[in-house]
Amino acid sequence: MTIPELSGVHPAWLPPEAFRAIGSRRTLVLGDDVLADTVRAEVAHACARYGGTLHDDRDGAYDLVLALDSEAGVGPEGFVLSRHDGATTVVAGGPAGLLYGLFEVVRRGETAFGADLPAEAHRPALRRRMLDHWDNIDVHPVMGQVERGYAGGSIFWREGGPRDLTRVRAYGRLLAACGINAVAVNNVNVHATEARLLTDRLGEVAAIADELRPYGIRVHLSVNFASPVALGGLATADPLDDGVRAWWARTTERVYATIPDFGGYVVKADSEGQPGPFAYGRDHADGANMLADALAPFGGVVHWRAFVYDHRQDWRDRSTDRARAAYDHFAPLDGRFRDNAIVQVKNGPIDFQVREPVSPVIAAMPDTRLAVELQVTQEYTGQQKHVCYLAPMWREVLGFRPWGPDGRTVADVATELVAVSNVGDDPYWTGHPLAQANLYAFGRLAWAPGLDPADLLDEWIGLTFPVAGDPGRLRRILHEIMDGSWRTYERYTAPLGVGFMVRPGHHYGPDVDGYEYTPWGTYHFADRDGVGVDRTRATGTGFTGQYPKPWSDVYESPAKCPDELLLFFHHVPYGHVLHDGTTVIQHIYDTHFAGAEQAAAMRDRWEKAAGDVPPELHARVRELLDEQVRSAREWRDQINTYFFRKSGAADAHGRRIY
Ligand code: GCU
């Protein structure tokens with residue numbers, strides 16, 4: 001096992017310097033398994049650079065000991081970290097714990113070898129911490145190679161075939177270092193070419209699995225529900241048909257014969273044109289259970305997405321509410337899913353907007369395994385042209401208590417956390433170099449949902465920019481730019497939770513009415529008197545009733561509803577007064593002026609970091625900040641002008657509105 005070193009690719013949070021503290025010490029690694037071998041290879045690699053030594057027997061004194069103890073009481077992925085008598089010790093519950101323990105020591109650097117540390121137990125809060133790639137093999141005529149990808153082409157495929165996978169090994173290494181343990185390799189919209197990854201192109205998936213296995217990452221595959229017809233030549237894909245069930249059983253058996261540690265299937269069914277069980281009069285439990293049954297003998301799971309809604313809706317029909325759809329389809333099925341069928345729910349009821357309430361499905365399925373799905377790729381949050389550090393949003397989602405202050409959190413309810421990846425073959429992995437922080441923070445939050453986003457940013461900065469001229473200054477500048485960037489983005493885009501004022505199709509930049517009279521179900525209903533969607537039980541779509549108390553009442557009441565979600569739940573007059581005393585229309589003006597100014601201030605701050613990061617990286621971020629400033633102004637002016645024209649209300653501060 002050799003540690004991948006790539007030229008021309010940014011090392012992200014694992015530059016050689018991140019291993020300095022380990023690499024200069026005497027380290028003992030005990031354990032035999034592919035992951036223990038990886039740990040040994042990592043240590044040896046670091047020692048070759050920094051002069052330390054790697055050992056495999058207990059005689060002697062060591063600075064660092066990594067060993068296994070299945071009785072450690074921290075589960076197979078956990079570890080206990082301690083330091084006394086000059087030795088730092090990682091006792092892991094299983095081989096994966098060794099790897100995660102190693103990366104914890106990497107994160108701490110010299111401090112791991114400083115003061116004594118009483119035993120600290122670490123184990124992941126969520127058992128599966130997964131990235132979904134929306135990668136295609138072919139370049140799709142509309143969506144490109146990576147659907148909603150903003151970082152170049154796929155790291156798995158190029159020109160219709162598999163590519164050199166050295167980089168995939170390096171990717172696995174980065175993911176393991178932030179705690180991710182599963183990857184789905186292909187787009188949830190499974191087109192004809194990619195559907196064949198399940199059958200005659202399975203070798204390509206196996207090759208990816210080989211690269212990721214040494215870093216403890218299992219590979220999953222998005223499959224097309226209609227595969228028995230399209231690939232198997234059957235007349236139906238009915239999930240209750242014996243022939244169909246036998247086809248999936250046989251096909252799955254072949255998958256496991258090729259990839260024994262294969263993770264399972266991801267399915268987008270009856271959603272945005274993808275085939276599904278509805279065509280046969282069956283429901284989503286029937287569909288998911290059929291695949292769960294095929295996977296069960298091998299320990300695999302199916303991630304069945306709850307992103308099901310009518311995308312051919314009539315905008316004149318005020319009774320249909322896209323926000324309601326996932327709950328209406330899935331909540332009645334609670335208790336019917338197999339143990340290895342995981343219902344995968346987007347964090348909000350609509351679609352990864354900059355601000356949404358937490359999906360009510362998460363509280364509605366106590367007898368179902370749930371994965372919460374986040375979007376690390378910045379489809380609706382600046383497309384990796386804008387700085388938008390998303391950890392503060394995810395932290396809010398994971399810490400949300402659907403049953404009120406004494407109840408459990410979203411992180412307690414979910415068994416897994418999944419995110420749509422933001423990675424491509426771009427030299428910085430993520431297009432915008434600062435978007436790396438989102439990927440890093442996602443993995444860390446999936447491991448420990450209570451972590452503070454500012455601390456995570458600190459970790460990421462410390463690892464990623466080890467040789468900066470003045471680390472204190474760079475750290476300060478990056479915090480100033482990134483800590484509040486999600487809220488800044490929110491300020492200059494769609495206001496108060498109303499969402500979707502983006503250009504249809506590619507979803508970049510403002511277009512207030514772009515989706516207003518379309519079939520997609522994403523409306524704001526602005527007229528001359530007011531704006532927002534009435535989702536109350538009293539007079540609206542009744543969506544508020546999908547929440548348990550206290551939220552069903554909080555959201556129902558315009559007086560109690562949190563300001564930032566007001567227009568998600570209520571249609572209010574422009575003169576409606578928010579909790580902070582401003583009117584809705586004045587809030588729109590104020591936040592849009594402020595957001596655009598804050599974007600400009602980010603750019604100014606970045607100038608001061610010129611000497612602290614590599615010049616090419618500095619230049620790339622500067623260019624992107626120019627675009628962010630331009631785009632934020634465009635948002636400001638379109639939104640403000642639109643609402644000024646609709647409402648006729650003057651800005652209280654007399655600023656220029658066009
Ligand atoms: C969004 C996105 C699509 C994607 C879909 C999904 O609607 O725009 O590209 O396919 O989400 O999550 O399935």
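The values are calculated or read from the model by the stated rules, or taken from the named source; none is laboratory data. Owing to the predicted nature of the structure, the values given are computational and were not obtained by experimental measurement. Here the Cβ positions follow ideal geometry from the backbone for every residue, glycine too, while neighbour counts run over all protein chains shown. These accessible areas exclude ligands, DNA and RNA; they are computed on the full protein's heavy atoms, side chains included. Shrake-Rupley method; radii C 1.70, N 1.55, O 1.52, S 1.80 Å.
Selection of the stretch 89-111 for residues being open to solvent by less than 10 Å² (accessible area, probe 1.4 Å), part of a helix (DSSP H, G or I) and in contact with a Leu (Cβ under 8 Å, 6 or more places away or on another chain) yields G97, L98, L99, G101, L102, V105, V106. Among residues of the stretch 354-375 that are in contact (Cβ under 8 Å) with a residue 24 or more places away in the chain, those with a Cβ under 6 angstrom from a residue that is of a type in the set (K, R), sequence gap 6+ or separate chain, pair up as E373/K346. Residues that are open to solvent by less than 60 Å² (accessible area, probe 1.4 Å), among the polar types (S, T, N, Q) and not in a strand (DSSP E or B) within the stretch 307-358 comprise Q313, T320, N340, N347, Q353, listed in sequence order. Looking at the stretch 74-95, can you tell me whether even one residue there is free of Cβ contacts under 8 Å to residues at least 24 places away in the same chain, over 30 Å from the mean Cα position of the chain (by Cα) and either assigned by TED's automatic domain parsing to the domain that holds A170 or closer than 28 Å to R127 by Cα (or both)? Checking the stretch 74-95: not a single residue is free of Cβ contacts under 8 Å to residues at least 24 places away in the same chain, over 30 Å from the mean Cα position of the chain (by Cα) and either assigned by TED's automatic domain parsing to the domain that holds A170 or closer than 28 Å to R127 by Cα (or both). Restricted to the stretch 1-79, the set of strands (runs of 3 or more DSSP E) holding at least 3 residues that are open to solvent by 50 Å² or more (accessible area, probe 1.4 Å) comprises 53-55. Checked against the criterion of being more than 23 Å from V418 (Cβ to Cβ), open to solvent by 50 Å² or more (accessible area, probe 1.4 Å) and hydrophobic (A, V, I, L, M, F, W, C), the candidates A538, A526, A454, A494 yield just one match: A538. Among the residues making up the stretch 403-423, those that are crowded, with 24+ Cβ neighbours inside 10 Å and either part of a loop (DSSP other than H, G, I, E, B) or not assigned by TED's automatic domain parsing to the domain that holds W134 (or both) are A414, S421, N422, V423.
Per-residue answers, yes or no, for (1) out of contact with any Gly (no Cβ under 7 Å at 6 or more places or on another chain); (2) of a type in the set (D, E); (3) closer than 20 Å to A12 by Cα:
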site	(1), (2), (3)
V418	yes, no, no
D426	no, yes, yes
L439	yes, no, yes
F442	yes, no, yes
A448	yes, no, no
P453	yes, no, yes
I461	yes, no, yes
F465	yes, no, yes
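Here A121 fulfils each of the conditions (1) in a strand (DSSP E or B); (2) at pLDDT below 95 apart from (2). Note on the stretch 555-658: no enclosed helices (runs of 4 or more DSSP H) hold 3 or more residues that are at pLDDT below 95, assigned by TED's automatic domain parsing to the domain that holds K385 and open to solvent by 10 Å² or more (accessible area, probe 1.4 Å). For the stretch 497-510, the criterion of a residue being more than 16 Å from the ligand (Cβ to nearest atom), buried (at least 21 other Cβ atoms within 10 Å of the Cβ) and assigned to a loop (DSSP other than H, G, I, E, B) is satisfied by at least one position.
Here V219, V168, V142, V146 are screened, and the one residue that is within 14 Å of the ligand (Cβ to nearest atom), under 19 Å from the mean Cα position of the chain (by Cα) and in the same structural domain as D241 (by TED's automatic domain parsing) is V146. Taking the stretch 216-300 as the region of interest, the helices (runs of 4 or more DSSP H) fully inside it that hold 3 or more residues being of a type outside the set (S, T, Y), within 30 Å of V34 (Cβ to Cβ) and open to solvent by 10 Å² or more (accessible area, probe 1.4 Å) are 242-258.
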